Structures are given as structure tokens and as C-alpha cells.
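Take a look at the structure below.
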Amino acid sequence: SWYDFVVGMPSLVFLVTGWKSNGKENACLQSWASFVGGGPNNYICILSKVHKKGHMYKSLKETKECVLNFPSNDIYGLCIKTIGNNGFETDEITASGLTVEKSCKVKAPRIKECFLNIECEYLWEHELYEGSEEVTVALKAVHVCMDDEHYDQNKLGRYDKAGFLFQVDRPINPDTEEVAEFGPGILVQGDPVPWITK
């Protein structure tokens with residue numbers, strides 16, 4: 001919608017993986033999500049906008065599980081290829097040049113090249129509005145896997161150029177309709193501010 005492009009709020013980029021009903025790999029490039037809670041028994045992933053007619057939604061409904069795979073910028077091009085390799089008869093992960101690896105707690109596949117994988121179980125869904133073709137989906141994290149180089153911020157880390165990617169809808173000036181090409185975004189260190197509340 002027009003609102004999306006004017007507001008242009010960034011959101012984490014990740015691939016949701018699972019199995020289609022025919023046993024083929026499914027990978028859906030996703031954004032517009034939030035992550036809340038604390039500890040291994042209470043970490044909830046909210047996918048804000050999932051289309052009911054997509055493979056990912058159908059896979060979630062059938063298997064009740066998935067993996068959220070977080071890429072760094074160096075493999076983002078391969079992640080984008082999953083959009084074009086999304087036929088029902090296609091192994092979407094391997095067809096896009098990525099590697100499938102076995103998960104620890106769920107049957108859904110992980111993507112080896114992604115530095116963070118969150119294995120999840122389906123909790124609930126809710127339509128965005130009555131009659132909507134899209135739903136908000138809640139997932140419970142049951143296992144987290146991160147590679148050593150990104151775990152250590154003194155090595156590759158989770159932030160800066162080698163870390164998390166953010167979807168930034170192309171910001172549009174509402175007066176001139178000028179489009180600013182931007183993205184994907186990364187986090188860089190801001191100026192430290194003392195945590196003084198009074």
C-alpha cells in the first residue's frame with residue numbers, strides 16, 4: 001500500500017523453510033516480523049503478514065513447524081532466487097544455490113549458509129481483518145542455532161555489514177513522489193548515549 005512506502009519502517013529479513021506436501025523443500029523470503037519473550041520456553045516469533053494461498057502458509061498448516069533462517073548480505077542474492085524458484089515441484093532451497101541441513105528439534109529443513117536459524121512450532125494465527133487473504137502467525141521457538149563467527153561480535157558478529165539484514169521499503173516523498181532507492185539495510189553503531197533517566 002501507499003502507507004508502506006511512505007512510512008518505510010525497516011524489518012528483519014529471513015527465509016522461512018519447511019516441506020511442501022509433496023516432500024519438496026519450501027523457502028519463503030519474509031520480513032514484517034517481531035520477536036518477543038524471554039528464555040527457552042517463552043520466545044515467540046510473530047510473522048505479521050502471511051498470505052493464505054502461499055506454500056509457506058500451507059506448509060505451516062500441514063506440519064505445524066518451520067525454521068526461520070537469517071542471511072547475511074553475502075548470500076542475499078541467493079535468497080532472492082527462492083522467489084523465482086517457488087514452483088510446487090521445485091526444491092526451492094537447493095534450486096536457489098543454498099544448502100539444506102537437518103534441524104535439531106523440528107523436521108523442517110534449515111539453511112546451512114544462514115548464520116542464525118530459529119526452529120519453530122506453530123502456535124496460532126489471526127486474520128489481519130475479517131475476510132483478509134493474509135494472517136498474522138505466532139510461532140514458538142524451540143531451538144536456536146548460530147554459527148561461532150557471528151556469535152562473537154569481535155569476529156563477524158550479528159550487526160554491521162556481516163550481520164542481520166533489514167527490508168527497507170523504498171522511501172517515497174509524499175509531496176513529490178520521488179523514490180529513494182535503498183536496501184537491504186544493515187545496523188551500524190550509533191553514537192553512545194548515557195543511560196540517564198532523570
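The values are calculated or read from the model by the stated rules, or taken from the named source; none is laboratory data. Just so it is clear, the structure is predicted and the values come from calculations on it, not from any experiment. Positions of Cβ are generated from backbone atoms using ideal geometry, with glycine treated the same way; all protein chains shown enter the neighbour counts. Keep in mind that these areas ignore ligands, DNA and RNA; they rest on the heavy atoms of the full protein, side chains included. Shrake-Rupley method; radii C 1.70, N 1.55, O 1.52, S 1.80 Å.
Some points to look at:
- Between Thr176, Thr136, Thr90, the distinction of being in contact with a Ser or Thr (Cβ under 8 Å, 6 or more places away or on another chain) and either among the β-branched types (Val, Ile, Thr) or part of a loop (DSSP other than H, G, I, E, B) (or both) belongs to Thr136 only.
- Against the conditions (1) open to solvent by 80 Å² or more (accessible area, probe 1.4 Å); (2) closer than 16 Å to Thr63 by Cβ, Tyr151 satisfies every one except (2).
- Test for Cys79: is it over 20 Å from Trp124 (Cβ atoms), assigned to a helix (DSSP H, G or I) and in contact (Cβ under 8 Å) with a residue 40 or more places away in the chain: yes
- Yes/no for Glu121 being closer than 24 Å to Asn42 by Cβ and either part of a loop (DSSP other than H, G, I, E, B) or open to solvent by 60 Å² or more (accessible area, probe 1.4 Å) (or both): yes
- Among residues of the range 161-185 being at pLDDT 90 or above and over 24 Å from Val50 (Cα atoms), the one that is nearest to the chain's Cα centre (by Cα) is Gly163.
The rows are residues; the columns are (1) surrounded by 10 or more Cβ atoms within 10 Å (Cβ to Cβ); (2) assigned to a loop (DSSP other than H, G, I, E, B); (3) aromatic (Phe, Trp, Tyr).
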position	(1), (2), (3)
Phe164	yes, yes, yes
Arg170	yes, yes, no
Gly190	no, yes, no
Ile196	no, yes, no
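- Search result, residues across the range 68-103 that are hydrophobic (A, V, I, L, M, F, W, C) and either farther than 21 Å from Gln167 by Cα or touching a Pro at 6+ places or on another chain (Cβ under 7 Å) (or both): Cys79, Phe88, Ile93, Ala95, Val100
- Among the residues making up the range 1-52, those that are surrounded by fewer than 17 Cβ atoms within 10 Å (Cβ to Cβ), of a type in the set (Val, Ile, Thr) and not in a strand (DSSP E or B) are Val6, Val7.
- Complete set of residues in the range 6-25 that are free of Cβ contacts under 8 Å to residues at least 60 places away in the same chain, on the phi < 0 side of the Ramachandran plot and not hydrophobic (A, V, I, L, M, F, W, C): Ser21
- All positions within the range 86-100 that are at negative phi, without any contact (Cβ under 8 Å) to a residue 24 or more places away in the chain and surrounded by fewer than 17 Cβ atoms within 10 Å (Cβ to Cβ): Gly87, Thr99
- Some residue of the range 64-78 being more than 17 Å from Gln30 (Cα to Cα), open to solvent by less than 60 Å² (accessible area, probe 1.4 Å) and modelled with pLDDT of 95 or more: no
- From the options Gly157, Gly183, residue that is touching a strand residue (DSSP E or B) at 6+ places or on another chain (Cβ under 7 Å) and either surrounded by 13 or more Cβ atoms within 10 Å (Cβ to Cβ) or touching a residue at least 40 places away in the same chain (Cβ under 8 Å) (or both): Gly183
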